[in-house]
Amino acid sequence: MPMHGGAFGERVVDLDAQAVALAHAQHRARYLAVVGPYIRGGILARDELHARRPGSQAGLLGVLEPVTLRFGEVLHEPGLPITHVYFPVGCVVCLQAAAEGPEVGLIGYEGAAGISLALGVEVSSARALVQASGTALRIKAAHFKKALPHCPALQRSVYLYADAKLRQARQTIACNRFHAAEARLARWLLMTGDRARSDEFFLTQAFLAEMLGVRRATVNEAAGALQHRDLIGYNRGKLRILDRKGLEAAACRCYARLERASVRVRTDAALQRH
Ligand SMILES: [Zn+2]
C-alpha cells in the first residue's frame, strides 16, 4: 500500500470548510451557530459560552478565539509554558511524550489540549501536534484560569477529562509496547475517525510510522493487510474506513477500553446539563 504524496492533514468535511470561512470573517456568533452542535458533543458546552458569570465580562464567548489549525502545527512543547488552551472543533491533535516518538494521546472535539492549567500546571509535559487540519476554539491561559472557577460544569468536565487522559496515556503506552502493529493501526485509525468525526482523512506512511513507533515497512505491511481485508481503502494519500465493525474487530482491546473512558466523560458532562 503506497502511502506518500497528497496534501496530508487536510480533512474532507464541507461543514468544516464553512466554519473556517466564518471564523476567518470573524463572525463569531454565526461561527458558533455553525460549530454549536460540534461543541455540544464535547466538553465545551454552548451554555457556558453564552453565560455571563460573576467576575466574567461575557462568559467564555468573549475570550474564545476561533482558529484554523494546520497539519504539523505544534501547539505545546514539553517544558515550555502553555500559552493557550485549545478546544478542537474539526481538527485532531495528538500528544507525544517527546518531540519525536509515538503518540500517547489523541484529542478531538471531545476534549481539549492544555487543560493541565486547570490543575495548576503551567508548563506542558507533552508535545501537542496537529494531525488533522481543521478549526478549533482557543483561549489564552490567563483567561482560562480566570474563567474556570466561574464555569462549574466546564470545570467538572475538565477534571474528568484530565483523568481520562491519564488513563488513555497509560493504556496507549502499554499498547505501543505489547500489541501487534496491525491491531494498533486499526485502533489508531478508529480513534482518529471518532475524533475527526469522519471516516476519511489524509495520512502519510511516515507520519503513521512515527505515531505508532514502528518502521515504515511495518506500517506498510499492517495497512496492506487491513486494505486486503477491505476494512480500509487508500487513494492518493486519502485513507477511508470502509468497514467500521470489521476494523473494530481487527483492533486491539485498547480501543474499547479507551473509548469507554471517553464516553464516561461525555455522559457525565451531558447529565450535568439536564
Ligand atoms: Zn492495544
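The values are calculated or read from the model by the stated rules, or taken from the named source; none is laboratory data. Treat the numbers as computed from the prediction; the structure is a model and nothing was measured. Ideal geometry is used to build each Cβ from the backbone, glycine not excepted, and the neighbour counts take in all protein chains shown.
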**OP:** Just name the residue that is farthest from residue 190 (Cα to Cα) out of those in segment 225-253 that are basic (Lys, Arg) and assigned to a loop (DSSP other than H, G, I, E, B).
**Re:** 236
Subject >> Residue count, segment 173-225 (criterion: β-branched (Val, Ile, Thr) and in contact with a Gly (Cβ under 9 Å, 6 or more places away or on another chain)) >> reply: 2
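Name the one entry in 264, 215 that is within 15 Å of residue 181 (Cα to Cα), away from the ligand (no atom under 16 Å from the Cβ) and modelled with pLDDT under 95. Walk me through it before giving the result.
Working: 264 fails: within 15 Å of residue 181 (Cα to Cα).
The match here is 215.
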Subject >> Unmet criterion (only one of (1) under 30 Å from residue 187 (Cβ atoms); (2) touching a residue at least 40 places away in the same chain (Cβ under 8 Å)) for residue 64 >> reply: (1)
Subject >> Cβ pairs under 6 Å, 6+ apart, first in segment 127-148 and on the phi > 0 side of the Ramachandran plot, second buried (at least 22 other Cβ atoms within 10 Å of the Cβ) and acidic (Asp, Glu) >> reply: 134/16
